[in-house]
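S.K.: Before we start, here is the structure in question, set down as structure tokens.
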Amino acid sequence: MDETLFPKELIEEVALENGLVMRLYDCSRRVAGDRWYVCLLAEIEIPVDENLLASEYSGPKEDVLEFIEKNGDSVLFQMKKERNFVDEREREGILNNMVDALKGSCTGYMGHSSFGPSYVKKVFEEYLERRNWWKEE
């Protein structure tokens, strides 16, 4: 997300049971007059465990190393909750409700011990699919 067009302000950091940290950002902006686009962005930076990824992948280890080289030592999970054309007087309340709902419904799932490794594996599989689809022959 381009922060020059869509600035994000850190609301809070939530420590999850699996050791990851979920950062909640307010990405809201005025749309017109007293109307707002209200946006809550949740981000979790998940470290890539090269050994775990390689042990679960039956292909060559070079694919894992290439993935890490192109994507770095971590992948970023993002989730957005949005509401459009919100009255300025209701903006804070709606944003707070979004934060409470997200923390109430998702922290158990995102805090589970399998969340990080499963998400990294998903991103890796998507990377391989894109790479193989666009590979020049």
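What follows is calculated from the coordinates using simple rules that are stated; it is not laboratory data. Bear in mind the structure is a predicted one, so any value in this text is a computation, not a measurement. Ideal geometry is used to build each Cβ from the backbone, glycine not excepted, and the neighbour counts take in all protein chains shown.
S.K.: Using a 10 Å cut-off around each Cβ, can you sort Trp134, Trp36 from fewest to most neighbouring Cβ atoms?
M.R.: Trp134, Trp36
S.K.: So, one more: With each run of n ≥ 4 DSSP H residues scored as -39500 (n - 2.57), what mean residue ellipticity at 222 nm is computed for the chain after dividing by its residue count and rounding to the nearest 500 deg cm²/dmol?
M.R.: -14000 deg cm²/dmol
S.K.: For every other residue with a beta carbon closer than 12 angstrom to the beta carbon of Lys121, add +1 if it is Lys or Arg and -1 if Asp or Glu, then tell me the sum.
M.R.: Cβ neighbours under 12 Å give a net charge of -3.
S.K.: What is the sum of charges around Arg35, taking Lys and Arg as +1, Asp and Glu as -1, for the other residues whose C-beta is under 13 Å from the C-beta of Arg35?
M.R.: +1
S.K.: Let me ask something additional. HN-Hα J couplings of the stretch 38-49 from phi, Karplus 6.51/-1.76/1.60, θ = phi - 60°, integer Hz, Gly and Pro as x?
M.R.: Taking θ as phi minus 60°, the curve returns 9, 9, 10, 10, 10, 10, 10, 8, 10, x, 8, 9 Hz for the stretch 38-49.
S.K.: Roughly how far apart, in whole Å, are the Cα centres of the stretch 34-50 and the stretch 70-121?
M.R.: Spelled out, the Cα-based centre of one part sits 6 Å from the other.
S.K.: Sort Glu50, Glu43 by Cβ crowding within 10 Å, fewest neighbours at the top.
M.R.: Glu50, Glu43
S.K.: Here's another thing I want to ask about it. How would the stretch 83-137 be classified by its alpha-carbon gyration tensor: rounded, prolate or oblate, with rounded meaning a/c under 1.5 and the a/b versus b/c comparison settling the rest?
M.R.: oblate
S.K.: With a cut-off of 8 Å between alpha carbons and a minimum separation of six or more residues, what is the relative contact order of the chain in percent?
M.R.: In percent, rounded to a whole number, it is 25.
S.K.: For the stretch 48-90, just say rounded, prolate or oblate: build the C-alpha gyration tensor, square-root its eigenvalues into a ≥ b ≥ c, call rounded for a/c under 1.5, and beyond that prolate if a/b exceeds b/c, oblate if not.
M.R.: prolate
S.K.: Among the lysines, which fall within straight-line cross-link reach of Lys122, defined as a Cα-Cα distance under 22 Å, with same-chain neighbours fewer than 8 residues apart omitted?
M.R.: Lys61, Lys70, Lys80, Lys81, Lys135
S.K.: By the gyration tensor of its Cα atoms, with a ≥ b ≥ c the square roots of the eigenvalues, what is the shape of the chain: rounded for a/c under 1.5, prolate for a/b over b/c, or oblate?
M.R.: prolate
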